[in-house]
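Below is one structure; the comments refer to it alone.
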Amino acid sequence: MRFARSSGILLPVSSVASRGGIGDLGPESYRFLEFLSAAHQHIWQVLPLCPTGYGNSPYAGSSAFAGNPYLISLELLADWGWTTSDAMDAFLDPTQRVDFDWVETHKLPILQAVAQSFLERGSTDPELRQLWGQFEAFCRAQAGWLEDYVLYAVLRRVYKTGAWATWPEPVRRRNPETLAELRNKHASALSVERALQFAFDLQWSRLRQAANADGIRMMGDLAIFVSMDSADVWANPTLFQLNEDLQPIRVAGVPPDYFSPTGQRWGNPLYDWDAMRASGYSWWIERLRRACEHFDLVRLDHFRGFEAYWSIPAEEETAVNGEWVKAPGRELFQQMERALGELPLIAEDLGVITPEVDALREEFAMPGMRVMQFGFGSAAAHPHLPHRYDEHTVAYTGTHDNDTTPGWWSHASAEERAAAEHYIGPVGDNGAWATWGMMRALQASVAAVAIVPAQDVLGLGSEARMNTPAVADGNWSWRAGSWRLPEMDGLAAGLAGLALVTDRDNDPLRVTRTPEDEPQDPI
């Protein structure tokens, strides 16, 4: 799909300055929409919205289909009549870093109690009756993934671990009689989990509707692999490369390179693509269908793995002894297009990319990515600089895995700084000047879409970095301040002026013309 010329901001929902110890889908998210509108930005990019697992990473979720209950706004639940606003009184300052343990021990129990209250009153309270009907419809429509997920979510508390492969044998092998007994025994807790998923879904859909009404599109990430400790693998073990003991045979990662002599062993179980093919790729079709229910544009993380993936024997401690294995990307995307129509996909094609990967991306008209921070290391990195972009590109100053641009500038080598100043003009020691210089170059490029992380927009240093790859602790916890502070007006005006002068004040999904669309002279 070709996108109209537009620009936007990357801000994880967890980073919004909400009152529940973590960002949520409530009032401050709507304030951010107001800022985007004033700034003439037409894309809000978020990270995966799934329940997080080990390390609190949204890329290691416990479900590829479910929403993260932590992101539910209690303030909106109070507006709906599920609870009272005084439930928020003891909550932490809305701008401090996310403390995931605090959220689990303080916010989650309140959410569960509020959901229980809705379940007890929803079918009889006249004020809740409409929502109750929507809740019942949601449970019917999403049953294909919802019932497995809610049982997994409850059992991970019962067994005090999400590592389902360590659960009792009849449970991990999904003995039908055992699961029926567990569903009966934990019926109340399962209903609470259903209600939380409904609350998340409704709050997100209303936020997205508000965004769309103002010409703003939601863009989200879809990680190529799923976590072993997830409802997805537990519920569908035959779709993954597992042995008879339900342990991974081979796992995902990337090979050794200049930055890592042992490569990266991610540990995700690999798909059994033969089994996927035999099922008509139904799991992937439903996964993408769900993503398109959440997002207007979907970024496919590690797109390279759809053409060929690095397969590592599970017993290996590093990625050194892996091998490239072909994936059925072309067949998969054909099946998904047949089922879902034209797909609003963006390919994360960073790293070492082969001609075969480029060909796959181009066949399905997916724009690729460029990251300006990468462009100053050497001549080989210049494809990441704006003068080398083509129109079919989504360009960034940096991503969630990069340092902020002021932070990058403060740590850049003398050679990188010199190259950057030749490109964007004198900066000196002011990282914020480097950020605006890069933003101007990015948005003046021919790339169809330009995205800037919120930290760069706010001129923040390394203390605001969202994630440092291969570092286990301290990630995913940065939070922004309020987008209604007086100084935000001037910032929005600056961004609006840049969007207008670079012709980016557009809805990205507006139909664009290609050379083939232009009227031809009569012969």
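Summary table
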| read-out | value |
| --- | --- |
| Every pair of residues 6+ apart whose Cβ atoms lie under 6 Å, when the first sits in region 457-483 and is surrounded by fewer than 19 Cβ atoms within 10 Å (Cβ to Cβ) while the second is hydrophobic (A, V, I, L, M, F, W, C) | Gly459/Ala432; Ser477/Val98; Gly481/Ala17; Ser482/Ala17 |
| Flag if Phe295 is buried (at least 20 other Cβ atoms within 10 Å of the Cβ) and more than 30 Å from Tyr30 (Cα to Cα) | no |
| Qualifying strands (runs of 3 or more DSSP E) (wholly inside region 303-364; at least 2 residues being hydroxyl-bearing (Ser, Thr, Tyr) and under 19 Å from Tyr271 (Cα atoms)) | 308-313 |
| Residue tally, condition outside any helix (DSSP H, G or I) and surrounded by fewer than 18 Cβ atoms within 10 Å (Cβ to Cβ), over region 127-166 | 5 |
| Near pairs, Cβ below 6 angstrom, 6+ apart or cross-chain, from region 36-53 (under 19 Å from Leu345 (Cα atoms) and crowded, with 24+ Cβ neighbours inside 10 Å) to any residue that is of a type in the set (Lys, Arg) and at pLDDT 95 or above | Ile43/Arg217 |
| Residue satisfying condition, being under 20 Å from Val154 (Cα atoms) and at pLDDT 95 or above, within set Ala137, Ala115 | Ala115 |
| Where Asp390 falls short, out of the listed (1) surrounded by fewer than 17 Cβ atoms within 10 Å (Cβ to Cβ); (2) not in a loop (DSSP other than H, G, I, E, B) | (2) |
| Output for region 460-505, where each listed residue is part of a loop (DSSP other than H, G, I, E, B), under 23 Å from the mean Cα position of the chain (by Cα) and not hydrophobic (A, V, I, L, M, F, W, C) | Gly461, Arg465, Asn467, Thr468, Pro469, Asp473, Gly474, Asn475, Ser477, Arg479, Gly481, Ser482 |
| Qualifying residue in region 331-354 (condition: over 30 Å from His294 (Cβ atoms) and surrounded by fewer than 18 Cβ atoms within 10 Å (Cβ to Cβ)) | yes |
| Residue match in region 493-501 (condition: touching a His at 6+ places or on another chain (Cβ under 8 Å), crowded, with 20+ Cβ neighbours inside 10 Å and either modelled with pLDDT of 95 or more or farther than 22 Å from Val371 by Cα (or both)) | yes |
| Boolean, Arg19 is out of contact with any strand residue (DSSP E or B) (no Cβ under 7 Å at 6 or more places or on another chain), of a type outside the set (Asp, Glu), surrounded by fewer than 23 Cβ atoms within 10 Å (Cβ to Cβ) and in a loop (DSSP other than H, G, I, E, B) | yes |
| Of all residues in region 393-423 being over 15 Å from Gly437 (Cβ atoms) and of a type in the set (A, V, I, L, M), the one that is surrounded by the most Cβ atoms within 10 Å (Cβ to Cβ) | Val394 |
| Inter-residue pairs, beta-carbon under 6 Å, first closer than 15 Å to Ala189 by Cβ and in region 114-131, second among the small types (Gly, Ala, Ser), 6+ apart | Ala115/Ala195; Phe118/Ala195; Leu119/Ser191; Leu119/Ala195 |
| Contacts under 9 angstrom Cβ, first residue in region 307-323 being among the polar types (S, T, N, Q), partner exposed (fewer than 15 other Cβ atoms within 10 Å of the Cβ) and at pLDDT 95 or above, 6 or more apart | Ser311/Glu323; Ser311/Trp324; Ser311/Val325; Asn321/Pro313 |
| In region 62-75, residue farthest from Leu151 (Cα to Cα) [restricted to those that are at pLDDT 95 or above and outside any loop (DSSP other than H, G, I, E, B)] | Leu71 |
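The values are calculated or read from the model by the stated rules, or taken from the named source; none is laboratory data. In this text, all values refer to a predicted model and were calculated from it rather than measured experimentally. Note: ideal-geometry Cβ built from the backbone for every residue, glycine included; neighbour counts use all protein chains shown.
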